[in-house]
Each structure stands twice: as structure tokens, then as C-alpha cells.
Amino acid sequence: MPRRTLLAGAIGSVLEWYDFSVFGAFTVVLAHVFFPGSDQVTAVLATFAVFGVGFLARPLGAIIFGAYGDRIGRRRALILTVLLMAGPTTMMAILPTPASIGIWATILLIALRFVQGLSAGGEVAGAYTFLSEQARPGHYARTINWSGWVTYVGIALGAAVAAAITGLLPTNAVMSWGWRLAFALNLVLLVIAFVLRRGLSETPEFERLQAEGGTAGNPVREAFRDVRREMAKGFLTSSLASVAIYFITAFMPAFLAMEQMLTLPQALCVTLFDIGVIIVFCFISAHLADRRGARRVALWGAGLMLILGLPFWWLATHHETGLVLIGQAGLAAMLGLFYTPQVTIINRSFPTRLRYVGHSISHNFCSAIFGGTAALLATYLLKATGNVLAPIAGVLVVAALAFVACWMYPRRFAGEVEDSR
């Protein structure tokens, strides 16, 4: 497959996750800027609540763009999502603060997060669908992995930019204007993404479906009528990845800084290390999934997280840098092992005519419920119990749910289904 096609399909994930990474990395800073006068933990809780607003818009975006992608085409939907996604992130760079316009600053912040979540609701599953429909049989996981591992490139870029800004600028400069630079740099990614996607061709599977007159007339209604079991399984399967991503990349830097285990720049560097581990294991799991079966490898990842999640988190909560690295690396490795296989079995369990909307709805309803509340819940558990081990509880619960959901897929999952369903 041409590298341009792979990059064009995956670039939206870089945009989306750069935004979420920057917001997560600057949580402590944004809490100080937009919620002045509150104690630190309360302000961070409020900021994570704003962070979660974007997830409330995802189901709506999934329905709108999923239906559009299954009726009109994957290419047009992905061009629209990438344009709508980057605007709110860039506007964050010029957002007024409460010091200048009062409560309206917080309202505008919430509105930008909502629009960003709306576009993200159509981007994620759309990119997976576009890439999976370009893949040859037997190479689904390795092709889909392009949108998976570049997700973490976006996270890494956001964390690296945040680490550079917080490390090179004095604290007062970071608090007043430095954080805006990270959001302004998103404009560069937007230009690259638009140029790549403008030259895309439609996927062969969708073109064949159109030629045969088999596209869905009302994708949302037909999805709830014909593939509701697949959507339910996809919802539960996605839960572990949705929670673990934000737990590691959004909650952990704030946790390490709040508990004064590491400085914020050091915590962001640890996050970069974790992302490197995730990327390595995404490639390993993609190859294993194509050789040994995506269902089997996904079960390995969920099972290991369920068994080893607490021991690795216990290591990550120590004030010794080496133990923090080991603990976080363990959690990151298990997420990487699980991530690509679970996306593969979810996406390829849907027929072509309902693949975009089916995957979008299952993934984004899960993200709204589990992903959007992951960092907030972890922070609340920490504050309510005073026990540093409490935040991992949510990860363990969804690991059990994901394991059961993966078990429900056919044992000999071939990676494709009949379109005549």
C-alpha cells in the first residue's frame, strides 16, 4: 500500500491525540489559569471535567459522520473531520482567561472541547475503517496499526512540546502565555493533514459496494437493527483501551506532579517513555494478531492487565524514579499489547455497508462513558480515599469487562464478515 495512503488515513489520529495530550499535559497549568482561587486538587478535578466535555459530543459525532461515511464515502467524511477537529485546538491559543472576561472564558473553553469531541467522534473509527478496507486479507491488524501507533505519535508530540515549554520557560511565563504555544502549533499538523487527505481515493470495498447498490439507506437505523450485538461487544471491548490511554497519558503526569514525586517536566518525560513502550508493543501485537489471531492477542492483553495492573501501579506510586518507570512501562506494555488487536476485531466484525457507523457508535459511546471520565474518576478516588492505590480500580474493572467481551467473539475470527448480512 502506498505510504501516502497510509499516512493520509492515519494523520487524523495524530491531530486528535496531539490536542488531548497537550490538554492533559497542561492540566495543572490550565487548572490554575481557568479555576483560580480553588485548591489544587479541586481545580484539577474541574479541569478534568472540562476535558470530559469533549467526550459527551463524541456519540453525536459518531452518528453524524458514521452515517455520512457509510452513505457518501469514507474519503469525504475524513476530510470533513480533520478540518473540524483542528479548528478548536488552534483557537485555544487565543482563548481569553477569566481574568479578562470572567466566567465566559470557562464557557468558551467548554464549547471548544465540545466541537473538538464532535469531530473526533467521526475521525477515529473512520480512519480505522478506511485503512482496514485498503488492507489485504491476513494483513488487517498491521494495516490498521498505522492509525493505532500514530495515535501515540500525536500523544508523544503533545507531551514533548509540553515538556519543552515547561522545561525551557520560567514558571510565570508558562502560566501566562507559554501554554498557548502548544495549541498554536496544531496549525502545522492541520495543513499537513489537509494536503494528504485531499488526494485520497475511496476504498476498494466501498467502491464495490456502491457499484452493486448495496450502501445503507439509513445507516444508523440499520445498524441498531442488524448489528446491535456487534456494537454491544465493541462497546465493552473498547472500554479498556479508552480508560487506560487517558489514565496513562492524562492522569499520570498530573498525579506525579500533584504528589510531588516528579516535577511536571520530569513527569512528561516519563510519559514520553511510556508512549515509546506502547508503540513498540502495538507493532508486536499487530504482527501477532495477523499470525495468531486478533481475538487471542486481545485476550492476552486484557488478561495481563487484569492480573498485573495493580502490582505495576504499586510500583508506579513510589517516590523512586526507577520504580515509577518500571511500573508505568508495565502498564504501557499491556495497553500496547491489547490496543491494535481489539480495534481489528471490532472493525472487521461489521459488514462494509455498516462498518463506519457501527464502529463509530460502539467506540464513541464507550469513550464518552469510560474514556471521558477516566482521569476524573482516578483523581476523585485519590482525593476521596487518600490511598494512592485507589485510582487503578477503574482500570481493573474495565479490564475484566474487555476480557469477557473479547471472549464472546468467534474463536476462529477470520478478520472479515460477509457483506450480504
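Working only within region 233-250, note down all residues that are at pLDDT 85 or above and of a type outside the set (S, T, N, Q). Selection gives Lys233, Gly234, Phe235, Leu236, Leu240, Ala241, Val243, Ala244, Ile245, Phe247, Ile248.
The residues on offer are Ala67, Ala62, Ala57, and the sole one that is touching a helix residue (DSSP H, G or I) at 6+ places or on another chain (Cβ under 6 Å), farther than 25 Å from Val150 by Cβ and modelled with pLDDT of 80 or more is Ala67.
Residues checked against (1) without any contact (Cβ under 8 Å) to a residue 12 or more places away in the chain; (2) buried (at least 24 other Cβ atoms within 10 Å of the Cβ):
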residue: Thr89; (1), (2): no, yes
residue: Ile101; (1), (2): yes, no
residue: Leu108; (1), (2): no, no
residue: Gly121; (1), (2): no, yes
residue: Val124; (1), (2): no, yes
residue: Tyr128; (1), (2): no, yes
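The single residue among Ala62, Ala57, Ala67, Ala46 that is within 28 Å of Thr263 (Cα to Cα) and in a helix (DSSP H, G or I) turns out to be Ala46.
Quick check on region 137-160. Is at least one of its residues without any contact (Cβ under 8 Å) to a residue 60 or more places away in the chain, crowded, with 18+ Cβ neighbours inside 10 Å and touching a Phe, Trp or Tyr at 6+ places or on another chain (Cβ under 8 Å)? No, that holds for no residue.
Take the conditions surrounded by fewer than 20 Cβ atoms within 10 Å (Cβ to Cβ) and acidic (Asp, Glu) and apply them to Asp70. Does it pass? No, not satisfied. When the residues of region 212-244 are filtered to those that are surrounded by 18 or more Cβ atoms within 10 Å (Cβ to Cβ) and among the small types (Gly, Ala, Ser), the one that is farthest from Ser367 (Cα to Cα) is Ala216.
Residues checked against (1) more than 27 Å from Ala141 (Cβ to Cβ); (2) among the acidic types (Asp, Glu); (3) in contact with a His (Cβ under 7 Å, 6 or more places away or on another chain):
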site	(1), (2), (3)
Trp314	yes, no, no
Thr317	yes, no, no
Ala332	no, no, no
Leu337	no, no, no
Asn347	no, no, yes
Ser362	no, no, no
Cys366	no, no, no
Ile392	yes, no, no
Val404	no, no, no
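Looking only at region 282-301, decide whether some residue is crowded, with 19+ Cβ neighbours inside 10 Å and closer than 20 Å to Leu157 by Cα. Yes, there is a match, as at least one residue in region 282-301 is crowded, with 19+ Cβ neighbours inside 10 Å and closer than 20 Å to Leu157 by Cα.
Ala105 satisfies every condition listed in (1) in contact with a Lys or Arg (Cβ under 9 Å, 6 or more places away or on another chain); (2) assigned to a helix (DSSP H, G or I); (3) farther than 22 Å from Leu189 by Cβ except (1).
Would you please name the residue that is farthest from Leu376 (Cα to Cα), looking only at residues in region 32-41 that are in a helix (DSSP H, G or I) and either modelled with pLDDT under 80 or out of contact with any helix residue (DSSP H, G or I) (no Cβ under 9 Å at 6 or more places or on another chain) (or both)? Ranking the qualifying residues of region 32-41, first place goes to Gln40. The one condition from (1) at pLDDT 80 or above; (2) of a type in the set (Gly, Ala, Ser); (3) crowded, with 23+ Cβ neighbours inside 10 Å that Ala173 does not meet is (3). For region 258-265, the condition of being crowded, with 24+ Cβ neighbours inside 10 Å, part of a helix (DSSP H, G or I) and of a type outside the set (A, V, I, L, M) holds for none of the residues. Pick from region 304-331 the residues that are within 21 Å of the chain's Cα centre (by Cα) and among the small types (Gly, Ala, Ser): which of them is nearest to Thr263 (Cα to Cα)? So the residue we want is Ala329. Only one of the numbered conditions (1) among the hydroxyl-bearing types (Ser, Thr, Tyr); (2) in contact with a Phe, Trp or Tyr (Cβ under 7 Å, 6 or more places away or on another chain); (3) farther than 24 Å from Ile279 by Cα is violated by Thr129, and that is (3).
Applying a threshold of 6 Å to beta carbon distances and a minimum spacing of six or more residues, or different chains, the list of pairs starting in region 230-246 at a residue that is on the phi < 0 side of the Ramachandran plot and ending at one that is outside any helix (DSSP H, G or I) reads Glu230/Ser349; Glu230/Phe350; Lys233/Met408. Among the residues making up region 190-205, those that are touching a helix residue (DSSP H, G or I) at 6+ places or on another chain (Cβ under 6 Å) and at pLDDT 80 or above are Leu190, Ala193, Leu196, Arg197, Glu202, Thr203, Glu205.
Every test in (1) at pLDDT below 90; (2) polar (S, T, N, Q); (3) in a helix (DSSP H, G or I) is passed by Ser285 save one, and that test is (1).
The values are calculated or read from the model by the stated rules, or taken from the named source; none is laboratory data. Everything numeric here is computed off the predicted structure, so don't read it as measured data. Neighbour counts are summed over all protein chains in view; Cβ atoms, including those assigned to glycine, are modelled from backbone coordinates with ideal geometry.
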